[in-house]
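One structure is given here, and the rest of the page talks about it.
The values are calculated or read from the model by the stated rules, or taken from the named source; none is laboratory data. These figures come from a predicted structure and were not determined experimentally. Cβ atoms come from the backbone with ideal geometry, glycine included; neighbour counts cover every protein chain shown.
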Amino acid sequence: MTEKNKKNTPDKEAATARPRYLIAFDLDATVLPKIDEIDERTVRAFRAAHGQGHIPVIASARHYNMIRWVYEAMGLDSPVCAINGAHVFHPRDEAFAPSERSISPRRTRRIIEAAFEYKCHIPMYIEYKNALWYTEGNHGKYYRVRIDTSEPSTFFAHTTIPETPASRIIITPPDTRAAREIEALIAADTSGEVVAVSWDFLQLAEDVSNIRMSLCSAGTDKWYAIERIAAYYGIPREDIYAFGDMWNDFLMLENSGRGYALRGSEAERESKAKYVTRYTCAECGVADVIEREILR
């Protein structure tokens, strides 16, 4: 039995004092088995947790317009961590001060120019809050929904690169040399603005050909947003639950008091999460934990 399996269930809380939990959760492949599908059991579990005074918080790579239907289905009334923590705000309470982290318009333009110079694959994307700029290409269902729900949603080409800050830039280098050249260009900038590069799938080899690069302002991460939201509600780290499946959830899972990797996910294999759900996303693994450990 692995160490994660041994630690699969935290110690039970004393019956006399039930804390108020913050429940941070990713969407895709964590509570959503498909882009536009959620199980009623999951909705019921989150509604019940909210009804008992806990604070469910969505922490997603999606922008808010792609999050809203889940937020409303669960009856939430809490801040949202959108675009991996680049855009954090409360949709219904102005008392919570919003925050954003973005790449400057100048750096955004230079990165996209380099992407065209190195013949990165199309499509390319520039995301800023609820706005999206995109090139031609095969977008796939996720980005077709992103295009349809963005405000505004604008096509661009190498001659019409927008002058905009970016919450996130998505490009796909054609080969490892191009990827390293773009990384070097970003690292060589002397303006003092730091841009972080990550990969939408873990680098399992030196060859990163055709793997999507995700670029954001350094320090952007779901965990920092969750930490701030928890402080707003006075919830200590040990009373934060977190659920996720991919690399962009790792820091959140590893720093929360009760970070759960979804069974069968990249997070189970590669993160240092203390716990693993008993069931997969499709089997309502998150709802199972909420029902057994949080609801009373």
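Residues of the stretch 215-267 that are surrounded by fewer than 18 Cβ atoms within 10 Å (Cβ to Cβ), among the hydrophobic types (A, V, I, L, M, F, W, C) and touching a strand residue (DSSP E or B) at 6+ places or on another chain (Cβ under 6 Å): 218 alone.
Each row is one residue, and each column tells you yes or no for (1) modelled with pLDDT under 90; (2) out of contact with any helix residue (DSSP H, G or I) (no Cβ under 8 Å at 6 or more places or on another chain); (3) not aliphatic (A, V, I, L, M).
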site	(1), (2), (3)
160	no, yes, yes
171	no, no, no
194	yes, yes, no
197	yes, no, no
204	yes, yes, no
220	no, no, yes
232	no, yes, yes
236	no, no, yes
256	no, no, yes
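With a requirement of 3 or more residues that are closer than 23 Å to residue 128 by Cβ, the strands (runs of 3 or more DSSP E) lying completely within the stretch 179-296 that satisfy it span 195-199, 213-217. Counting residues in the stretch 43-58 that are of a type in the set (S, T, N, Q), assigned by TED's automatic domain parsing to the domain that holds residue 261 and buried (at least 16 other Cβ atoms within 10 Å of the Cβ) gives zero. Listed by first and then second residue, the pairs linking a residue in the stretch 33-48 that is farther than 15 Å from residue 293 by Cα to a residue that is part of a strand (DSSP E or B) and not aliphatic (A, V, I, L, M), with Cβ atoms under 8 Å apart and 6 or more places separating them unless they lie on different chains, are 35/28. Residues in the stretch 59-96 that are charged (D, E, K, R), surrounded by fewer than 22 Cβ atoms within 10 Å (Cβ to Cβ) and within 22 Å of residue 260 (Cα to Cα): 0 in all.
Let's see how each residue does on (1) surrounded by 21 or more Cβ atoms within 10 Å (Cβ to Cβ); (2) touching a Ser or Thr at 6+ places or on another chain (Cβ under 6 Å); (3) acidic (Asp, Glu):
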residue: 110; (1), (2), (3): no, no, no
residue: 113; (1), (2), (3): no, no, yes
residue: 119; (1), (2), (3): no, no, no
residue: 122; (1), (2), (3): no, yes, no
residue: 128; (1), (2), (3): yes, yes, no
residue: 135; (1), (2), (3): yes, no, no
residue: 142; (1), (2), (3): no, no, no
residue: 145; (1), (2), (3): no, no, no
residue: 149; (1), (2), (3): no, no, no
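Pairs linking a residue in the stretch 65-90 that is farther than 19 Å from residue 221 by Cα to a residue that is part of a helix (DSSP H, G or I) and of a type in the set (A, V, I, L, M), with Cβ atoms under 7 Å and 6 or more positions apart or on different chains, are 73/43; 74/43.
The set of residues in the stretch 21-32 being in a loop (DSSP other than H, G, I, E, B) and either under 18 Å from residue 292 (Cβ atoms) or small (Gly, Ala, Ser) (or both) consists of 21, 29, 30, 31.
Just so you know, in the stretch 269-296 the residues that are polar (S, T, N, Q) and crowded, with 21+ Cβ neighbours inside 10 Å include one that is farthest from the chain's Cα centre (by Cα), and it is 277.
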